[in-house]
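Following: one structure in structure tokens, then a few remarks.
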Amino acid sequence: MATLIRGGTVVNADRAFRADVLCEGDKIVAVGPGLAAPAGAEIVDAGGQYVMPGGIDPHTHMNLPFMGTVTQDDFFTGTAAGLAGGNTTIIDFVIPNPQQPLLEAYHQWRGWAEKAAGDYTFHVAITWWSEQVHEDMGTLVRKHGVNSFKHFMAYKNAIMADDETLVKSFRRALELGAIPTVHAENGELVYQLQQDLLRQGITGPRAHPLSRPPAVEAEAANRAIAIANVLKTPLYIVHVSCKESLDAITRARAAGQRVYGEALAGHLIVDDSVYDHPDFDFAAGHVMSPPFRSREHQKALWQGLQGGNLHTTATDHCTFCAEQKAAGRNDFTKIPNGCGGVEDRMAVIWDEGVNSGKLTPSEFVRVTSANAAQIFNIYPRKGVIAAGSDADIVVWDPAGSRTISAKTQFAKGGFNVFEGRTVKGIPSTTVAAGKVVFHRGELRAVEGAGRHIDRPAFVPTAP
Ligand code: URQ
Ligand code: ZN
Ligand code: ZN
């Protein structure tokens, strides 16, 4: 089975050039001008369009059991929605319950992911510590292609990692050639501020950002950076939402520390005025952590991407419907935290980033695909249009446009933080593992077609 993408401009992180792309099976086999179409090949006309590496969303939560419920998108609907948006790989999370064996949780998530329509791989969260956790981290790196371990510094009395766990886990990750990542919010401060607000009778969604101000995020970002600095580990900070955390990353990088930052499409576009909306469903639909911030923070995050102190964009796709969010109608701390975005990330970043001149098309590829592939060690298998790489490709129509709405999205949850935004620049075709899986509005996602992607350790694992 061959697919020939003809007449387009290939855009990689390093350059853009006119070329055809020939895929055979699940690999790109040739990139160059005037390629001949093998007999029976599917031809994709890319005239006047860009041909880019399929998006890699390094932060999603499909089928996540969280805050007493389970997300609306499972691994099929979530990855299928991603394919409709040009996203061909997700990095999701195995999140063991405290005291749950890591390998038990890992195999549980692997089972849930078998229905995925697109490729997937997992960060594994360290939510507790024991000698067995130490051992299991080694097994996950050596036998299961895990090279990143997540630490939630928030969510006290649930999955929060204390300093002892952070230090022991970071140290073990270094030994194994894996990278520690963090959700940087001080969980104790969040908890105490939540109790203060509830005692004052402030129970609506507006209280959510009041309980998680930028300083609460920055404290944790600085603490994680300091721990990584002392232990000499690299560090990846997920969903950097505010200027204060970005400044901490910028300082650390200027001092030569290997710290990477991730920005969510939502945090780059949406501001905290959403929490003032009188409709509970609208305001609660925007409850995620860290919360959406005031406008000066969006400007700072874009400068972070432009300046190379933020490296990837993601979505933290974690969808709950209105009925689920209503659990917190009288107590904002019970609103399941999470929003969607896997279907819209690339279009909103192109629209806000490339159309405005903030990013070149190559820089767009860097922050939507190539950097994530390199940071998590699956480059050049993913993240580049080159012979030998996976045939994960998005044909991008810079003149196309669509209006984003929960009414027309493929993702579940019935809500969209980009609701009503008309974007210019959209995927016309998505190719995943060499097959056309989306074309001009028609989604051809196949349940179970996605593959688990092993991510090798960064250095030979400890003997
Ligand atoms: O914190 C996360 O990343 C998960 C639990 C999704 N929810 C959220 O509000 N970001
Ligand atoms: Zn998080
Ligand atoms: Zn998350």
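The lysines whose alpha-carbon is closer than 17 Å to the alpha-carbon of K412, local same-chain residues fewer than 8 away aside, are K115, K325. Any chance you could give the angle, 0 to 90 degrees and rounded to 10, that helix 102-113 forms with the longest Cα principal axis of the chain? For 102-113 against the chain, the angle is about 40 degrees. Between the helical axis of 75-84 and the longest alpha-carbon principal axis of the chain there is an angle of about 50 degrees.
Which angle between 0 and 90 degrees, to the nearest 10, do you get for helix 243-254 versus the longest principal axis of the chain when only C-alpha atoms count? Computed tilt is about 70 degrees.
For the chain, what is the mean residue ellipticity at 222 nm derived from helices alone (per DSSP H run of n ≥ 4: -39500 (n - 2.57); sum divided by total residues; nearest 500 deg cm²/dmol)? Write out the running numbers ahead of the final one.
Working: 15 runs with 140 residues, N = 463.
Helix-only estimate at 222 nm: -8500 deg cm²/dmol.
Need the full-extension length gain, D163 to D454, defined as separation in residues times 0.36 nm minus the C-alpha distance. One decimal, nm. Numbers along the way, then the final one.
On the way: separation 291, 0.36 × 291 = 104.76 nm, distance 2.91 nm.
Using 0.36 nm per residue and subtracting the Cα-Cα distance, I get 101.9 nm.
Restricted to Cα atoms, the chain shows a radius of gyration and a Dmax of 21.0, 72 angstrom.
In this calculation the C-beta distance from E419 to S356 is compared with R0 = 30 Å, giving a FRET efficiency of 0.90. For the stretch 136-166, backbone nitrogen atoms closer than 18 Å to the point 7 Å from D331 Cα along Cα-to-C-beta are found at 155-159.
Distance from the C-alpha centroid of the stretch 122-175 to that of the stretch 286-335: 24 Å, rounded to the whole angstrom.
For the stretch 14-90 versus the stretch 197-219, the inter-centroid distance based on Cα atoms is 39 Å.
The fewest-to-most ranking of L83, L443, L166 by surrounding Cβ atoms within 10 Å reads L443, L166, L83.
All of the numbers you see were taken from the coordinates with simple rules; none came from a lab. All values derive from a computational prediction rather than experimental measurement. Using ideal geometry, Cβ is built from the backbone for each residue, glycine included, and neighbour counts are taken over all protein chains shown.
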